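Down below is the structure, laid out as structure tokens.
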């Protein structure tokens, strides 16, 4: 590990568009933590995959934490969707450069064209991906609920990484994409970072420096010889239950002094960064394959489907997928995409038929098992009387088959639990253990953490329930799920251990994917 210095930014960088590469053919790159789909040159896709794995490895090295290796279907799937116009169409927002949707067995990231930098600061779309993956990694590596400034400061710190041709990674470079914020946005005092109530009280309607100031504080504390140990004290006091303001003052002393140090740090002409050489990093095995003609033809439609559609959009989309399936009736990838499109459009029988056709041609198509299971569960929910039990027994079979293929896929564990609950049967000990295990495998899925926390509270496991709920409550992009988690934590605040607390009478959790877009903050 080499410590070096870089020139700090003097003004905001211009996020100018870069011409997209000439169209190639769709490829899939598969690595330990990522699956990438891109219509690009194979060599560029491989470099992109290698850099992402180095980035993951660099975060492990710097944090000293190692997240549990994901099962193949629990990796982050990245769709490279094209230029700014394609991203605007997909996101529905003119300011979004990329976004990430965390969910068990289906975390998805959507980025613009691959723009590998030979050295130096990464393209902004890549910065967005690195920022969101930092959140994904940190939540997977530790269940400790950290303050918002710490979460965002860490994500900004790592997202400014750069990749060298020889395989080295620079970590902790100046966050150039926040330069304009520090120069022109409404200032945020360090005291406001440690005191969320004060920040909310003083927050302006316009754009402020919260993200940039969080990066600056994290960067300063990371490299400060005199302040570094105070971070451990701060986190220890938070873990003991001290509120954020008191913990900040206890660990860092006079916050006005710290504010003056940060301002002086920002004015420095040079600042520190870490160079991690290849011997400290790992890329693992990366495989690259060209998609079949059918998979390539259906991929733009699959991207839209994976982004999420409402019923009106699904009805329009399924017709287009059917046209591709008519051209490639024996392609298991196309049939799997058709199963998903039919399910989204509410056509359960057609979804099951397409999934069966896909699995007959390729029994390893995991999403075909998932879509068949989804459709069967929806049919089972409408069944009555004795047929209901049989319907749920049939609905869980695709997930059982998927579990045999991939033992640590979280969705079979979730649906094993759901099959009992939706039948009106008290879940067995094995089913409860399955849901808890699924929540451990997918800590980034907010709805899953909430449901596991509610189940555990109902068993009287109050402290464990808090541990599942707290990271969601503290998540900076938590949205409705974070509000729900805070509500549940408040409901069990005074509950003694081993006292079952029924929480289902409170409003149901909002089961909406959390989308963290580039322009947030």
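The values are calculated or read from the model by the stated rules, or taken from the named source; none is laboratory data. As the structure is a prediction and not an experimental result, all values here were calculated from the model. Here the Cβ positions follow ideal geometry from the backbone for every residue, glycine too, while neighbour counts run over all protein chains shown.
Any idea which of 284, 241, 248, 253 is surrounded by 13 or more Cβ atoms within 10 Å (Cβ to Cβ) and on the phi > 0 side of the Ramachandran plot?
After applying the criteria, what remains is 284.
Look at residue 334 and say whether it is buried (at least 18 other Cβ atoms within 10 Å of the Cβ) and in contact with a strand residue (DSSP E or B) (Cβ under 9 Å, 6 or more places away or on another chain).
On the way: buried (at least 18 other Cβ atoms within 10 Å of the Cβ): yes; in contact with a strand residue (DSSP E or B) (Cβ under 9 Å, 6 or more places away or on another chain): no.
Spelling it out, it is not the case that residue 334 is buried (at least 18 other Cβ atoms within 10 Å of the Cβ) and in contact with a strand residue (DSSP E or B) (Cβ under 9 Å, 6 or more places away or on another chain).
Tell me which residues, restricted to region 465-481, are modelled with pLDDT under 90, surrounded by fewer than 23 Cβ atoms within 10 Å (Cβ to Cβ) and over 12 Å from residue 148 (Cα atoms).
If the condition is that a residue be modelled with pLDDT under 90, surrounded by fewer than 23 Cβ atoms within 10 Å (Cβ to Cβ) and over 12 Å from residue 148 (Cα atoms), then 479, 480 are the ones that fit.
Which one of these does residue 170 not meet: (1) at pLDDT 90 or above; (2) under 30 Å from residue 267 (Cα atoms); (3) in contact with a helix residue (DSSP H, G or I) (Cβ under 7 Å, 6 or more places away or on another chain)?
Result: residue 170 fails condition (3) only.
Condition check ((1) more than 21 Å from residue 158 (Cβ to Cβ); (2) in contact (Cβ under 8 Å) with a residue 24 or more places away in the chain) across all residues:
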site	(1), (2)
201	yes, no
222	no, yes
236	yes, no
242	yes, no
252	yes, yes
263	yes, no
269	yes, yes
272	no, yes
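Hey, among the residues in region 180-189 that are part of a helix (DSSP H, G or I) and more than 25 Å from the chain's Cα centre (by Cα), which one's nearest to residue 234 (Cα to Cα)?
182
I'd like the full set of residues that are over 15 Å from residue 416 (Cα atoms) and either in contact (Cβ under 8 Å) with a residue 12 or more places away in the chain or under 29 Å from the mean Cα position of the chain (by Cα) (or both), limited to region 376-397.
Those that are over 15 Å from residue 416 (Cα atoms) and either in contact (Cβ under 8 Å) with a residue 12 or more places away in the chain or under 29 Å from the mean Cα position of the chain (by Cα) (or both): 379, 388.
Does residue 308 satisfy the condition of being under 28 Å from the mean Cα position of the chain (by Cα), at pLDDT below 95, within 18 Å of residue 370 (Cβ to Cβ) and surrounded by fewer than 18 Cβ atoms within 10 Å (Cβ to Cβ)?
On the way: under 28 Å from the mean Cα position of the chain (by Cα): yes; at pLDDT below 95: yes; within 18 Å of residue 370 (Cβ to Cβ): yes; surrounded by fewer than 18 Cβ atoms within 10 Å (Cβ to Cβ): yes.
Yes.
Kindly establish whether residue 99 is buried (at least 22 other Cβ atoms within 10 Å of the Cβ) and either out of contact with any strand residue (DSSP E or B) (no Cβ under 7 Å at 6 or more places or on another chain) or in the same structural domain as residue 160 (by TED's automatic domain parsing) (or both).
Values: buried (at least 22 other Cβ atoms within 10 Å of the Cβ): yes; either out of contact with any strand residue (DSSP E or B) (no Cβ under 7 Å at 6 or more places or on another chain) or in the same structural domain as residue 160 (by TED's automatic domain parsing) (or both): yes.
When the stated conditions are applied, residue 99 passes them.
Okay, residues lined up against (1) under 22 Å from the mean Cα position of the chain (by Cα); (2) outside the structural domain of residue 272 (by TED's automatic domain parsing); (3) buried (at least 23 other Cβ atoms within 10 Å of the Cβ):
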| site | (1), (2), (3) |
| --- | --- |
| 105 | yes, no, yes |
| 115 | yes, no, no |
| 143 | yes, no, no |
| 152 | yes, no, yes |
| 165 | no, no, no |
| 170 | no, no, no |
| 191 | no, no, no |
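Among the residues of region 278-300, is there at least one that is under 30 Å from residue 157 (Cβ atoms), modelled with pLDDT of 95 or more and in contact with a strand residue (DSSP E or B) (Cβ under 8 Å, 6 or more places away or on another chain)?
yes
Could you please find all residues in region 471-481 being part of a helix (DSSP H, G or I) and either farther than 19 Å from residue 504 by Cα or in contact with a helix residue (DSSP H, G or I) (Cβ under 7 Å, 6 or more places away or on another chain) (or both)? Give the steps one after another, and end with the answer.
Step one: of region 471-481, the residues part of a helix (DSSP H, G or I) are 471-474, 479-481.
Scanning region 471-481 gives 471, 472, 473, 474, 479, 481.
Of the residues in region 165-186, how many are free of Cβ contacts under 8 Å to residues at least 60 places away in the same chain and touching a strand residue (DSSP E or B) at 6+ places or on another chain (Cβ under 7 Å)?
Adding up the residues that qualify gives 2.
Do we find a residue being in contact with a helix residue (DSSP H, G or I) (Cβ under 7 Å, 6 or more places away or on another chain) and at pLDDT below 90 anywhere in region 128-141?
Yes: one or more hits.
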